[in-house]
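Let me begin by presenting the structure, written as structure tokens, before commenting on it.
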Amino acid sequence: MNTDSPRHRRGHAGKQGESVRSDCLVEIELQPAGGMQIALTSKVAALYGEAIAELARAVAAQAGVAHARLTIVDSGALPFTLAARLEAACRAVLGEEEFEYLPAAPLIPHAPTQKDRLRRTRLYLPGNEPKFFVNAGLHQPDAVILDLEDSVAPQEKEAARVLVRNALRCVDFFGAERMVRINAGELGRQDLAAVVPQGAQVILIPKCESPQRVSDIAAEVERLRQAHGRAHEVYLIPIIESALGVIKAFAIATASDKVCALALGLEDYTADLGVPRTAAETESFFAKGAIVNAARAAGVQALASVYSDVDNVDGLRANVQAARALGFDGLGCIHPRQIKIVHEAIAPGAAEINQARQIVLTFEQAQQQGTAVFALGTKMIDLPVVKRAQATLANALAAGRLSADWRTQTPHENKLA
């Protein structure tokens, strides 16, 4: 944010204060001469002061800033955050003169994602709050969402984009799928340019109301992948948050083969209807059914909205069970302690697991015999039923309700009898 007239040339990025942690405040004022004058306040200045100053000089040099007063108030920021705040502050004083300082990425193995992988939980992380990033993966969500949209104030959008870009390069999310919720319009295009080359695996498209928007974003993602030589797949999740979006859900879900799921956002949807969001969510029954049906018809997953009462464990569990009964595959989480509850509530029961186990074993035997359609008891089983059974077993394995060697164990040994 450029906070002053051109004659002063000052800018800043980041935060300071007693409640701030894992972050820093960087203030920069351009000078006509005198080189880089760096003032650092940090509890770790004795150990890492010179390294922080060296990083500051490197970012300034990349920005073409040779003479400036630079003040850094460090509250435990890691190098990727320091680099992001330094870059954002330099951008603020340079105005339209954009540059990029990419921190050296550690050798963190990023497993490729799959279109139909489990997405029981997706943990929202505000894009301008690095304190939530580092430990997010330890809570074992299926996905993390680095959010650049509603949780970021308008004046912080650019700084958040730089921070999220650096987090994608440097933070180990421990196997969680790396999602980014982008903004609409030109901001969204800039978001894509920042995050697609750095390993974002899923792009969330908020307030989606048209298939054209999905196909436009899919084309831009593909252009960026080609331009930067990135081989990893990038999938799309349109978020349906309006009455018009609900009506067009199937067209949206089929607008690109990169769409892996449809998600429902109930806060904006109920606002669009002009009704309050109730605990029972009866006002959203039509939208829920429409999203599940559209997703299933398109062959993608259906993801339910967040449950916003963080302290209501029983309410969350009931909400998850109701969503699962309607056909949803997962729920959004706004606090890490919701993750375990969702995983437990959405996991299949013993009878369901046992039936899925029988279907898959019989299917595999039929495959060996070259048969496409087979019977289990008196019921004919075809491929869609098998795929549902395989998904049930994957869910059970992830929830710890089925052992990895289930093919060679009896239901009793798997505690499914």
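The values are calculated or read from the model by the stated rules, or taken from the named source; none is laboratory data. All values reported here derive from a predicted model rather than from experimental measurement. All Cβ positions, even for glycine, are placed from backbone atoms using ideal geometry, and neighbour counts span all protein chains on display. Please note that ligands, DNA and RNA were not included when accessible areas were found on the heavy atoms of the full protein model with its side chains. Shrake-Rupley method; radii C 1.70, N 1.55, O 1.52, S 1.80 Å.
Sort out which residues of region 356-410 are out of contact with any strand residue (DSSP E or B) (no Cβ under 9 Å at 6 or more places or on another chain) and in a strand (DSSP E or B), and write them in order of number.
Leu376, Lys379
Tell me the residue from Glu87, Glu27, Glu50 that is more than 25 Å from Phe173 (Cα to Cα), in contact (Cβ under 8 Å) with a residue 40 or more places away in the chain and among the acidic types (Asp, Glu), please.
The conditions single out Glu27.
Which condition does Gly332 not pass, out of (1) part of a helix (DSSP H, G or I); (2) open to solvent by less than 60 Å² (accessible area, probe 1.4 Å), if it passes all the others?
Just one mismatch for Gly332, condition (1).
Quick check on region 314-354: of everything there that is touching a residue at least 40 places away in the same chain (Cβ under 8 Å) and among the acidic types (Asp, Glu), which residue is nearest to Arg407 (Cα to Cα)?
So the residue we want is Glu352.
Where the second residue is acidic (Asp, Glu) and the first is more than 20 Å from Cys260 (Cβ to Cβ) and lies in region 166-194, which pairs have Cβ atoms under 6 Å and are six or more apart or on separate chains?
Asn183/Glu149; Asn183/Asp191
For Gln301, are the conditions met, namely being open to solvent by 20 Å² or more (accessible area, probe 1.4 Å), without any contact (Cβ under 8 Å) to a residue 60 or more places away in the chain, under 23 Å from Ala396 (Cβ atoms) and among the polar types (S, T, N, Q)?
So Gln301 fails the test.
Considering region 153-182 alone, what residues qualify as being open to solvent by 10 Å² or more (accessible area, probe 1.4 Å), in contact with an Asp or Glu (Cβ under 8 Å, 6 or more places away or on another chain) and in a helix (DSSP H, G or I)?
Arg161
Against the definition (open to solvent by 30 Å² or more (accessible area, probe 1.4 Å) and either in contact with a helix residue (DSSP H, G or I) (Cβ under 6 Å, 6 or more places away or on another chain) or of a type outside the set (Asp, Glu) (or both)), how does Ile353 come out, yes or no?
No: the conditions fail for Ile353.
Just to be sure before I move on: is Leu224 under 20 Å from Gly199 (Cα atoms) and part of a strand (DSSP E or B) in the structure I sent?
no
Quick one: how many residues across region 200-213 are crowded, with 22+ Cβ neighbours inside 10 Å, over 15 Å from the mean Cα position of the chain (by Cα) and either in a helix (DSSP H, G or I) or among the small types (Gly, Ala, Ser) (or both)?
0
Out of the residues in region 1-29 meeting the condition of being open to solvent by 40 Å² or more (accessible area, probe 1.4 Å), assigned to a strand (DSSP E or B) and in contact with a His (Cβ under 8 Å, 6 or more places away or on another chain), tell me which one is modelled with the highest pLDDT.
Glu27
Can you run down the residue pairs with Cβ atoms below 7 Å, 6 or more apart or on separate chains, where the first is in region 366-395 and over 21 Å from Ala351 (Cβ atoms) and open to solvent by 70 Å² or more (accessible area, probe 1.4 Å) and the partner is in a helix (DSSP H, G or I) and modelled with pLDDT of 80 or more?
If the second residue must be in a helix (DSSP H, G or I) and modelled with pLDDT of 80 or more, no pairs are left.
Would you call Tyr269 aromatic (Phe, Trp, Tyr), open to solvent by less than 60 Å² (accessible area, probe 1.4 Å), modelled with pLDDT of 95 or more and closer than 18 Å to Arg119 by Cβ?
no
Checking the structure you have, find out if any residue of region 276-286 is crowded, with 19+ Cβ neighbours inside 10 Å and in contact (Cβ under 8 Å) with a residue 24 or more places away in the chain.
no
Would it be correct to say that Ile346 is under 28 Å from Ile291 (Cα atoms), open to solvent by less than 30 Å² (accessible area, probe 1.4 Å) and at pLDDT 90 or above?
yes
Looking at (1) touching a residue at least 40 places away in the same chain (Cβ under 8 Å); (2) touching an Asp or Glu at 6+ places or on another chain (Cβ under 6 Å); (3) crowded, with 19+ Cβ neighbours inside 10 Å, which one does Asn128 not meet, given that it meets all the others?
(1)
Might you let me know whether region 217-230 holds any residue that is closer than 18 Å to Pro112 by Cα, of a type in the set (D, E, K, R) and touching a strand residue (DSSP E or B) at 6+ places or on another chain (Cβ under 7 Å)?
No: region 217-230 contains no residue that is closer than 18 Å to Pro112 by Cα, of a type in the set (D, E, K, R) and touching a strand residue (DSSP E or B) at 6+ places or on another chain (Cβ under 7 Å).
Is it true that His67 is open to solvent by 30 Å² or more (accessible area, probe 1.4 Å) and closer than 30 Å to Ala323 by Cβ?
no
Please indicate, with yes or no, whether at least one residue in region 188-199 is modelled with pLDDT of 95 or more and open to solvent by 50 Å² or more (accessible area, probe 1.4 Å).
The answer is yes; a qualifying residue exists.
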